[in-house]
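Student: First the structure, then my questions, so here it is.
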Amino acid sequence: QVQLVESGGGLVQPGGSLRLSCAASGFTFSDYGFDWYRQAPGKERELLASINTVSDTHHVDSVKGRLTISRDNAKNTLYLQMNSLKPDDTAVYYCHVWIRTIDYWGQGTQVTVSS
């Protein structure tokens, strides 16, 4: 079955960096594009970045230059490199994939940016 498992979250000081990973299984990873989303307390889930099968990427304006999506097809893993983190980046981060009209989500990984 399709599984997405995020990791790499944690507590980081403002200005710090984290790299999130999303390990995928149960389908042919290289055949699909992926997204990263996040959901902060009391807010709706928001799209951050997308990557297609040939690693073309799109990042929403609010995170351009700080967050970078990438993929490693050999490892069936999606990444989100996060730099210059701010307290407003505190949220649960999710990876997402659409497969044959069904959307799949990981369980999320908590990122907390605080001094």
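The values are calculated or read from the model by the stated rules, or taken from the named source; none is laboratory data. The model shown is predicted, which means the values in this text are computed figures rather than measured ones. Cβ coordinates were reconstructed from backbone atoms using ideal geometry, including for glycine residues, and neighbour counts include every protein chain displayed. Calculation scope for accessible area: heavy atoms of the full protein, side chains included, ligands and nucleic acids excluded. Shrake-Rupley method; radii C 1.70, N 1.55, O 1.52, S 1.80 Å.
Student: Can you name the residue in region 99-115 that is within 14 Å of the chain's Cα centre (by Cα) and loosely packed, with under 14 Cβ neighbours inside 10 Å and is also farthest from A23 (Cα to Cα) among such residues?
Tutor: Going through the qualifying residues, I end up with Q110.
Student: So, of the residues in region 77-93 that are in a strand (DSSP E or B) and not hydroxyl-bearing (S, T, Y), which turns out to be surrounded by the most Cβ atoms within 10 Å (Cβ to Cβ)?
Tutor: Per the stated criteria, the residue is L78.
Matching residues to (1) modelled with pLDDT under 95; (2) closer than 21 Å to I99 by Cβ; (3) out of contact with any strand residue (DSSP E or B) (no Cβ under 8 Å at 6 or more places or on another chain):
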position	(1), (2), (3)
S21	no, yes, no
G26	no, yes, no
W36	no, yes, no
N52	no, yes, yes
D56	no, yes, yes
N73	no, yes, yes
S84	no, no, yes
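Student: Across region 26-59, which residue is surrounded by the fewest Cβ atoms within 10 Å (Cβ to Cβ) among those that are within 14 Å of the chain's Cα centre (by Cα) and farther than 24 Å from S84 by Cβ?
Tutor: Once the filter is applied, the top-ranked residue is N52.
Student: Condition check: within 11 Å of the chain's Cα centre (by Cα) and not basic (K, R). Does T90 satisfy that?
Tutor: Spelling it out, it is not the case that T90 is within 11 Å of the chain's Cα centre (by Cα) and not basic (K, R).
Student: Which of the residues belonging to region 28-71 are of a type in the set (A, V, I, L, M, F, W, C) and either outside any loop (DSSP other than H, G, I, E, B) or touching a residue at least 40 places away in the same chain (Cβ under 8 Å) (or both)? If you could, list the steps in order and put the result at the bottom.
Tutor: Just the residues of region 28-71 that are of a type in the set (A, V, I, L, M, F, W, C), to begin with: 29, 34, 36, 40, 47-49, 51, 54, 60, 63, 67, 69.
The answer is F29, F34, W36, A40, L47, L48, A49, I51, V63, L67, I69.
Student: What are the pairs with Cβ atoms under 7 angstrom where one residue, in region 77-104, is within 30 Å of T28 (Cβ to Cβ) and in contact (Cβ under 8 Å) with a residue 12 or more places away in the chain and the other, located anywhere, is open to solvent by 40 Å² or more (accessible area, probe 1.4 Å) and in a loop (DSSP other than H, G, I, E, B)? Sequence gap at least six, or different chains.
Tutor: Sorted first by the residue in region 77-104, then by its partner, the pairs are M82/S17; V97/Y32; I99/Y32.
Student: Determine which member of the set A74, A23 is in a strand (DSSP E or B), surrounded by fewer than 18 Cβ atoms within 10 Å (Cβ to Cβ) and without any contact (Cβ under 8 Å) to a residue 60 or more places away in the chain.
Tutor: A23
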